[in-house]
Each structure stands twice: as structure tokens, then as C-alpha cells.
Amino acid sequence: MEAKIKALREQMEEALGRVQSKAELDAFWQAYLSKKGSVTGLMKELGNVPKEDRPAVGKLINEFKNYAEQRYQEVRQKMEEKDLELRNQSEQVDITMPAKKRPAGTLHPITITKNEMIDVFSGMGFEVFEGPEIEDDDHNFSRLNVPKNHPARDMQDTFYLSEDIVLRTHTSPGQIRVMDAKKPPIKVLVPGRVFRSDSDATHSPMFYQMEGLVVDKHITLCDLQGMLDEFVKKIFGDSVKTRLRPSYFPFTEPSVEVDVSCFACGGEGCSLCKGTGWIEVLGGGIVHHKVLENCGVDPNVYSGLAFGIGIERIAMLKYGINNIGLFYENDLRFLKQFQN
Ligand code: PHE
């Protein structure tokens, strides 16, 4: 029996040495240590041993069985440790690796320009007011001194929603709404979308304007020029000058068109200013006394100035954009250039 145990032990060690995987280890357990296994089977042979030797042999078998069990556990534990190590290695996270970038969106160039304009004017004490994009004829035209059948209505190609309702053609109805809502002194900006049936490289059927309105005692054209001087310097640079040219709007008298000296060529004449040295940027003037009256403001006590700036125009000049359509196409290659 002792010889048998010894042989089995050698055989078992050899088998255990060959074990590579969990499955093989399980097979080993089945072959040697399960109920039907050969180590367990030794006990069954105890009956063949002479009675007086049985206690000693039984002890030997038991020892061997414990030993075999212990060896099996050792190998199993080593295998599990190795598995864990492999898993730790494969699941390792390199904390020094740069993180995946999440691309952040940017503000739209119109929004950037609008914010910048509001910033400049709020430094002069302007508040922001917004009116509706769908307007009635009264606010968009009549109370701005553009009565029905007035030829000045042809200055803007209007989208009519019904006979009396339009998509606002300018932000000037904001002037009426502000004067209806509050008494002078007034100093407001009205930014927003406006609509005209017009479309080419520099015109879009929808675009943005920013209206300015100041109503107080003793407001003159000098105040308008002073404010706009300051505005263009902040937007286009300190060396840029303004020039007022006489113009016509039904709601201002006198009316002016404001040019800035060309910041590309410094006034010598180039393709941007079409050789003139000046670039037109906005319209404005002294609020017509009829408009003040239409809003219950006494023109003998108060006077006002107003201006309307095309936001796209400012952005196009500022960033050197030659097609207004680019603003509305949402092409990321275009939009990504305006990181602020
Ligand atoms: N509303 C005019 C336009 O859209 C601009 C303007 C505003 C002119 C205020 C004078 C005063 O062309």
C-alpha cells in the first residue's frame, strides 16, 4: 500500500505540474480528489489490508489525502493570483494619458458682434429693450411718420402677413414701443431680427439691426455724432473717424448716413471702401417731432436722437466676411473661426 501511495503521489505531482488552466485544474480535481478520484479510491482498498495494519495504513492514506488536497489548493491559489494580476494589468488605467477633448461650442459671430455693440453702448448708459418681430402697420410705419401710400414705404420691401400685420422691416418700431412704455429721459438699444424681401451677397431677407434711441432735453446732432464716434472707435479701432452725410428717413429730421474712415487702407482708397476712403455703417438722425408727438412726448420740451445699425454689416467689416449668407448656413468650418 505504501508503494502504491508513493506511486500515486508521484503521478499526482506530475499531473499537477502539467496543469495550465482552470479547466485542467478542474479535470485534475475530478481525476484525483472527487468521490470517484484515485486518491479517494485508496480508502476503498483499505478492506484488502490485514486488519492489524489498517489503522496505520488508514492514517497514511488520510495524510496523503490531506496532502493532495493541500497541493491542489496551493496550485489553485497561485492560478487565481496570476489571473488577478493579468486582469489588473489589462484593466490598468494610465492616469497620465491626456483626456478626450469635448469640443465646446462657440457663440455665433452675430451674437459676438451684438454683445460687443451692447457692451460699448451700455458703457454710455444705454439699456436693452426688445420688441416683437411681428408688428402692426402702426408701429412699423404709421406712427414713425410713414403713413399709408407714402412713397417712403417703397424704401423697404415689406413682407405682409395681412393688410395690417407685417414682419418688422426695421427695429425702429422699438422706438415707439419704448416711448409708449416710459417717459423721458430715455436711452435704449433695441437689437433684433428684421425682414425685407431682398437677397444678394450683402442682403438677406432676414438680418439683424440694433436701434438706438435717446430722448431728453437738449439732445442734438452733436450728441449723435459724439456717441457714434465713440462707438466706431471701440469697434474698429482708435484711428477710425466718422463722417455724417445728409440723408432721408421719414422718422428723423435731419437724417444722416454715417460713414467710417476705411480701416483697411486708412482712407486712401481700396477695394473694401471701393476707392472712396469711407465705408457706410449706419443711418440715424434727430427724431422727427411728429414721432415724438405720436408717442405723447412734447417736442417743445424734449428732443431725441435715433440710429439703426446693421449688425451683419458691422460683423462683415470687422471680420472681413464678403458674403452675408455665411452667417446663416451653420457651416462649422465658418463658425469655428469665431472663438471668443
Ligand atoms: N430704420 C432705418 C433703416 O432700417 C435706420 C434708422 C434708424 C434711421 C433710426 C434713422 C433712425 O434703414
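Nothing in this text is a laboratory measurement; each read-out follows from the coordinates by a stated rule. Because the structure is a prediction, the values reported are computed rather than measured. All Cβ positions, glycine included, derive from the backbone under ideal geometry; neighbour counts span all protein chains shown.
Are there any pairs with C-beta distances below 6 angstrom linking a residue in region 169-197 that is in contact (Cβ under 8 Å) with a residue 60 or more places away in the chain to a residue that is more than 12 Å from the ligand (Cβ to nearest atom) and basic (Lys, Arg), with the two at least 6 apart or on different chains, and if so which?
Between residues of region 169-197 that are in contact (Cβ under 8 Å) with a residue 60 or more places away in the chain and residues that are more than 12 Å from the ligand (Cβ to nearest atom) and basic (Lys, Arg), the close pairs are ILE176/ARG143; PRO191/LYS114.
Kindly provide the set of residues from region 144-163 that are surrounded by fewer than 16 Cβ atoms within 10 Å (Cβ to Cβ) and either assigned to a strand (DSSP E or B) or within 14 Å of the ligand (Cβ to nearest atom) (or both), ordered by number.
Within region 144-163, ALA152, ASP154, MET155, ASP157, TYR160 qualify.
For region 15-117, which fully contained helices (runs of 4 or more DSSP H) count at least 2 residues that are touching a residue at least 40 places away in the same chain (Cβ under 8 Å)?
Details: elements: 22-28, 38-44, 54-90.
Ranges flagged: 22-28, 54-90.
Restricting to region 240-274, name every residue that is more than 25 Å from LEU305 (Cβ to Cβ) and among the polar types (S, T, N, Q).
Selection gives SER271 alone.
Taking only region 237-268 into account, find how many residues are over 39 Å from the mean Cα position of the chain (by Cα), more than 10 Å from the ligand (Cβ to nearest atom) and assigned to a loop (DSSP other than H, G, I, E, B).
Result for region 237-268: 1.
If ASP223 passes every condition in (1) surrounded by fewer than 19 Cβ atoms within 10 Å (Cβ to Cβ); (2) touching a helix residue (DSSP H, G or I) at 6+ places or on another chain (Cβ under 9 Å); (3) farther than 16 Å from VAL281 by Cβ but one, which one does it miss?
(2)
Scanning region 299-336 for residues that are in contact (Cβ under 8 Å) with a residue 24 or more places away in the chain and farther than 30 Å from SER255 by Cα, which turns out surrounded by the most Cβ atoms within 10 Å (Cβ to Cβ)?
Per the stated criteria, the residue is LEU335.
Surrounded by 16 or more Cβ atoms within 10 Å (Cβ to Cβ) and either of a type outside the set (Lys, Arg) or out of contact with any helix residue (DSSP H, G or I) (no Cβ under 7 Å at 6 or more places or on another chain) (or both): is that true of GLY275 in this structure? If you could, list the steps in order and put the result at the bottom.
On the way: surrounded by 16 or more Cβ atoms within 10 Å (Cβ to Cβ): no; either of a type outside the set (Lys, Arg) or out of contact with any helix residue (DSSP H, G or I) (no Cβ under 7 Å at 6 or more places or on another chain) (or both): yes.
So GLY275 fails the test.
Condition (residue is aromatic (Phe, Trp, Tyr), within 12 Å of the ligand (Cβ to nearest atom), surrounded by 19 or more Cβ atoms within 10 Å (Cβ to Cβ) and within 25 Å of ASP119 (Cα to Cα)) applied to region 200-215: is it met by at least one residue?
We begin by selecting, within region 200-215, every residue aromatic (Phe, Trp, Tyr); these are 207-208.
Add one more test, that the residue is within 12 Å of the ligand (Cβ to nearest atom), and what stays is 207-208.
With the extra rule that they be surrounded by 19 or more Cβ atoms within 10 Å (Cβ to Cβ), the set shrinks to 207-208.
Those left that are additionally within 25 Å of ASP119 (Cα to Cα): 207-208.
Yes, some residue in region 200-215 is aromatic (Phe, Trp, Tyr), within 12 Å of the ligand (Cβ to nearest atom), surrounded by 19 or more Cβ atoms within 10 Å (Cβ to Cβ) and within 25 Å of ASP119 (Cα to Cα).
Scan region 319-327 and tell me whether some residue there is within 16 Å of the ligand (Cβ to nearest atom), over 39 Å from the mean Cα position of the chain (by Cα) and among the hydrophobic types (A, V, I, L, M, F, W, C).
Pass one, region 319-327, residues within 16 Å of the ligand (Cβ to nearest atom): 324.
Those still in the list that are over 39 Å from the mean Cα position of the chain (by Cα) too: none.
Within region 319-327, none of the residues are within 16 Å of the ligand (Cβ to nearest atom), over 39 Å from the mean Cα position of the chain (by Cα) and among the hydrophobic types (A, V, I, L, M, F, W, C).
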